[in-house]
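Below: one structure, written as structure tokens.
The values are calculated or read from the model by the stated rules, or taken from the named source; none is laboratory data. Keep in mind the model is a prediction, meaning the values are calculated, not measured. Cβ placement follows ideal geometry from the backbone for every residue including glycine, while neighbour counts extend to all protein chains displayed.
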Amino acid sequence: MGEPRFIKWREELKYLPVEFRDFHDQKDLFKVMGSRMNLPNGMSWVDAHVFIVDYFLWFMAARGYTLQKSRFNGDFHSLESDITEFKKEQDEILAKLINQD
């Protein structure tokens, strides 16, 4: 009978939005999330990343569910801006550490 068609689709991460199919983009997202939210029980951004992408979304994709941007026309926060701001903050912290006498 062969593998179900969704196996290749899932292995290619096509159940994720295009902007989150790259591991490094996922990492940036979860670093921001970890810095902006109180994750439960001392969970790190790495723990959240592994659980959500490698377990929860993978499991749901096998059942036909995908992560997608809402079609609701609301005034949402900008994920791109959040990530850019976070990276800038991290660069500033690193610059201060490097420039300490």
- Filtered residue count, the stretch 10-43, keeping only those that are surrounded by 12 or more Cβ atoms within 10 Å (Cβ to Cβ) and either under 14 Å from L67 (Cβ atoms) or not charged (D, E, K, R) (or both): 19
- Can you tell me which residue in the stretch 74-93 is farthest from the chain's Cα centre (by Cα), limited to those that are hydrophobic (A, V, I, L, M, F, W, C) and under 16 Å from S35 (Cα atoms)? I93
- Expected single match for in contact (Cβ under 8 Å) with a residue 40 or more places away in the chain and in a helix (DSSP H, G or I) among I52, I93, I7, I83 is I83
- Kindly list, by first and then second residue, each pair from a residue in the stretch 65-80 that is closer than 21 Å to K27 by Cβ to a residue that is surrounded by 10 or more Cβ atoms within 10 Å (Cβ to Cβ) and of a type in the set (F, W, Y), limited to pairs with Cβ atoms under 9 Å and residues at least 6 apart or on different chains. T66/Y15; L67/Y15; L67/F20
- Message: Here is a list: I83, I7. Which entry is of a type in the set (V, I, T), surrounded by 10 or more Cβ atoms within 10 Å (Cβ to Cβ) and modelled with pLDDT of 90 or more?
- Response: I83
- Task: Only residues that are among the aliphatic types (A, V, I, L, M) and part of a helix (DSSP H, G or I): list them for the stretch 23-38, please.
- Result: L29, V32, M33
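On the given criteria, is D47 among the acidic types (D, E) and in a helix (DSSP H, G or I)?
On the way: among the acidic types (D, E): yes; in a helix (DSSP H, G or I): yes.
It is true that D47 is among the acidic types (D, E) and in a helix (DSSP H, G or I).
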